[in-house]
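The values are calculated or read from the model by the stated rules, or taken from the named source; none is laboratory data. Not measured: the values here are computed from a predicted model. For neighbour counting, all protein chains shown are included, and Cβ atoms are generated from backbone atoms with ideal geometry for every residue, glycine included.
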Amino acid sequence: MPNWIHRCKIVLVSVLPVLLALISVPIHAGVEPMAIELAVFDRVHLSKQMRQRIIAETDSILLELGAHLVWQDGPSGYQAYVPTDAIQIILSKSRPEQWGLPPNIMGEVVPTGERSRKLVFVFPAEVARLVGLPAPLNLPYRATESRRLARALGRVIAHELVHAIAPDHTHATEGIMLGRHGTATLLDPELKIDASCKAAFKAGLSAFDSSPQIDQSQQHIANWA
């Protein structure tokens with residue numbers, strides 16, 4: 001065997017473990033996303049597949065912002081309007097009169113008097129209407145329609161979660177925190193998160209008090225899937 005081939009083999013053997021170690025290191029190593037517990041009250045009875053798609057869409061946005069969402073069902077038979085979890089998401093068919101929510105809105109964060117405890121109302125029928133789908137939501141949507149609605153709902157939830165975590169952040173002129181979303185932006189595959197949103201969300205996380213009671217080994221799907 002020529003000498004140079006032998007030397008090359010020695011170099012490869014010594015370098016290979018280093019290369020494998022570098023490949024195995026996660027891209028975001030050292031940056032641990034903050035766990036945020038969500039209690040979801042599904043008053044519209046979405047399908048399991050729809051819920052899974054909504055989770056995937058919302059998770060992808062919040063993970064980019066530095067939050068790890070822990071989803072669980074709200075306690076059965078429990079009145080959601082008395083907050084006991086860090087954030088409660090109520091998927092509602094109608095607007096509760098006591099908050100005077102305007103018509104045609106897709107979602108709203110209702111303050112509870114505590115900065116770290118919020119009620120997030122989302123109105124799936126209104127989201128469906130905006131993206132050109134019929135309501136009620138238990139209709140047998142085609143696969144493409146189901147994906148459209150899940151993407152739009154996931155983005156509305158993500159938008160409201162940013163408001164919940166960073167209440168001082170105003171609406172943006174583009175991206176996920178656009179003040180008035182339309183069909184195009186809710187379904188845009190290239191919808192962005194602008195730098196000001198990331199900065200405000202990071203600051204909000206540092207002040208946010210959330211102590212999930214769920215075993216983290218369940219990851220972010222937990223019971224709501």
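Of note:
- Any hit, region 42-63, residues being of a type in the set (Ser, Thr, Tyr) and not in a helix (DSSP H, G or I): yes
- Residue that is farthest from residue 200 (Cα to Cα) [pool: residues in region 142-187 that are among the acidic types (Asp, Glu) and surrounded by fewer than 17 Cβ atoms within 10 Å (Cβ to Cβ)]: 145
- Flag if residue 64 is out of contact with any Phe, Trp or Tyr (no Cβ under 7 Å at 6 or more places or on another chain), among the charged types (D, E, K, R), closer than 29 Å to residue 200 by Cβ and modelled with pLDDT of 90 or more: yes
- Close pairs from region 144-168: first closer than 12 Å to residue 89 by Cβ, partner acidic (Asp, Glu) and modelled with pLDDT of 95 or more, Cβ under 6 Å, at least 6 apart: 154/57
- Put simply, of 187, 119, 139 the only residue that is more than 24 Å from residue 60 (Cα to Cα) and of a type in the set (A, V, I, L, M) is 139.
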